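Report on one structure; see the data block that follows.
The values are calculated or read from the model by the stated rules, or taken from the named source; none is laboratory data. Here the structure is a predicted model, which is why all the values come from computation and not from measurement. Don't worry about glycine lacking a Cβ; one is built from the backbone with ideal geometry, like all the others, and counts go over all protein chains shown. These accessible areas exclude ligands, DNA and RNA; they are computed on the full protein's heavy atoms, side chains included. Shrake-Rupley method; radii C 1.70, N 1.55, O 1.52, S 1.80 Å.
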Amino acid sequence: MPHIRFPAAHGLLRQLGFQLHSGACTLPQYLDAVADLLKAAIACPRVTVWLLQRDHPESTLQCTAWSSFSRGLRINRCALSQEAVQAYLKALLATGVLAVPDLDAALPLQALNAAYCQPEQVLATLDAAFVVNGQAVGVVCCEQIGEVRQWTGEECLLVRSVAQAVTLDMARLADGVQPGDDCSDDVRRLLAALGQ
């Protein structure tokens, strides 16, 4: 799906939301497809999707889905501590979208850079948060690997709008879960991230 035009990306996102709510796909399949969609629309080497785990300071952010042009771009660090992501989440929530062209120059993100970006060779990132009632419940990250990158305004708008749509889809999914329902570990993590 290389270089999907942005209106087409929004159409695909609506279809994915319908599939999630109809039960045609699971939450992990939905998040993988969102990562695939953004990777193709923005043409970046890798997109990752993370959910917050408030009760686990050692793994505050947990990687739930990812997509890359090369399956050789495996993720070695799938859980990040509260210490590593505290300043990152604060910066992300302050702006809604975090477009960082060169992580080495982003002083507030040095803990995240040392814990994740440098070991993964991520040099630039374009991130947006999934926010419910003013609280971040997860993030989507477009990761530029091996080189710095200037993100365009159009790319920033797309990532923000995709994050907003994913937030609504995940909130609807969580609203459909009743106490005592048998649900997957991924849905349980989502409910915990939403404080339910």
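Residue check, Ala128 against (1) open to solvent by 10 Å² or more (accessible area, probe 1.4 Å); (2) in contact with a strand residue (DSSP E or B) (Cβ under 6 Å, 6 or more places away or on another chain), all met but one. Which one?
Condition not satisfied by Ala128: (1).
For Val137, indicate whether it is modelled with pLDDT of 90 or more and either open to solvent by 30 Å² or more (accessible area, probe 1.4 Å) or within 15 Å of the chain's Cα centre (by Cα) (or both). So that I can check it myself, show each step before the final result.
Details: modelled with pLDDT of 90 or more: no; either open to solvent by 30 Å² or more (accessible area, probe 1.4 Å) or within 15 Å of the chain's Cα centre (by Cα) (or both): yes.
For Val137, the condition - modelled with pLDDT of 90 or more and either open to solvent by 30 Å² or more (accessible area, probe 1.4 Å) or within 15 Å of the chain's Cα centre (by Cα) (or both) - is not met.
Of all residues in the stretch 166-181, which are open to solvent by less than 80 Å² (accessible area, probe 1.4 Å) and either among the charged types (D, E, K, R) or modelled with pLDDT under 90 (or both)?
Looking only at the stretch 166-181, we keep the residues that are open to solvent by less than 80 Å² (accessible area, probe 1.4 Å), and these are 166-167, 169-171, 173-174, 176-177, 181.
Of everything in the stretch 166-181, those that are open to solvent by less than 80 Å² (accessible area, probe 1.4 Å) and either among the charged types (D, E, K, R) or modelled with pLDDT under 90 (or both) turn out to be Thr167, Asp169, Met170, Ala171, Leu173, Ala174, Gly176, Val177, Asp181.
Looking at (1) touching a helix residue (DSSP H, G or I) at 6+ places or on another chain (Cβ under 7 Å); (2) modelled with pLDDT of 90 or more; (3) within 17 Å of Leu80 (Cβ to Cβ), can you tell me which one Gln121 breaks?
Among (1) touching a helix residue (DSSP H, G or I) at 6+ places or on another chain (Cβ under 7 Å); (2) modelled with pLDDT of 90 or more; (3) within 17 Å of Leu80 (Cβ to Cβ), Gln121 violates only (1).
Which condition does Thr48 not pass, out of (1) part of a helix (DSSP H, G or I); (2) touching an Asp or Glu at 6+ places or on another chain (Cβ under 8 Å), if it passes all the others?
Failed condition: (1).
Kindly provide the set of residues from the stretch 145-165 that are crowded, with 21+ Cβ neighbours inside 10 Å and under 21 Å from Ala33 (Cβ atoms), ordered by number.
Glu155, Leu158, Val159, Val162, Ala163
Tell me which residues, restricted to the stretch 13-31, are farther than 11 Å from Asp169 by Cα, in a helix (DSSP H, G or I) and open to solvent by less than 60 Å² (accessible area, probe 1.4 Å).
Once the filter is applied, which keeps residues that are farther than 11 Å from Asp169 by Cα, in a helix (DSSP H, G or I) and open to solvent by less than 60 Å² (accessible area, probe 1.4 Å), the stretch 13-31 yields only Pro28.
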